[in-house]
């Protein structure tokens, strides 16, 4: 069955809700739900390089630590702003996902918003949609420019 744009939209709406909930105070983390969003192996690429990992216990810890880090640097919400879908074939799509990251900068309480786009590759070969790769911008540099990291 061919992957529909509506399925991809629903997938990222749920993924966005989980991401946003993880930044609440107190956080409502659904790391199990996040883990279900990924295939058994994940490849990430950014201007800092390419990495790949099995989505095992270490990957689970990495997700949890990532949300903790966002909270520490002042993250207050993470929302999907839009999804553009390019169908590759009946089993694969590429999704260009817009995000809005809102924050209260810890050093002075200044509120801010950062917008960025990730490109995710999804597969559905034997069940639900799963992310198997993503291309992201240089998050570290953007967070430094925003004064959230030194």
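The values are calculated or read from the model by the stated rules, or taken from the named source; none is laboratory data. Source: prediction; values computed, not measured. As a convention, Cβ positions derive from the backbone with ideal geometry for all residues, glycine included, and neighbour counts pool all protein chains shown.
Looking only at residues in segment 90-148 that are loosely packed, with under 15 Cβ neighbours inside 10 Å and touching a helix residue (DSSP H, G or I) at 6+ places or on another chain (Cβ under 9 Å), the one that is modelled with the highest pLDDT is 128.
Quick one: would you say residue 37 is in contact (Cβ under 8 Å) with a residue 24 or more places away in the chain and touching a strand residue (DSSP E or B) at 6+ places or on another chain (Cβ under 6 Å)?
Yes: the conditions hold for residue 37.
Taking strands (runs of 3 or more DSSP E) that do not extend beyond segment 1-94, which have at least 3 residues that are farther than 18 Å from residue 125 by Cα and more than 13 Å from the chain's Cα centre (by Cα)? So the answer is 49-54, 75-89. For the structure I just gave you, tell me whether residue 23 is touching a helix residue (DSSP H, G or I) at 6+ places or on another chain (Cβ under 7 Å) and either free of Cβ contacts under 8 Å to residues at least 40 places away in the same chain or surrounded by 14 or more Cβ atoms within 10 Å (Cβ to Cβ) (or both). Taking the combined requirement at face value, the residue satisfies it.
Out of 87, 71, one residue alone is in contact (Cβ under 8 Å) with a residue 12 or more places away in the chain and out of contact with any strand residue (DSSP E or B) (no Cβ under 9 Å at 6 or more places or on another chain). It is 71.
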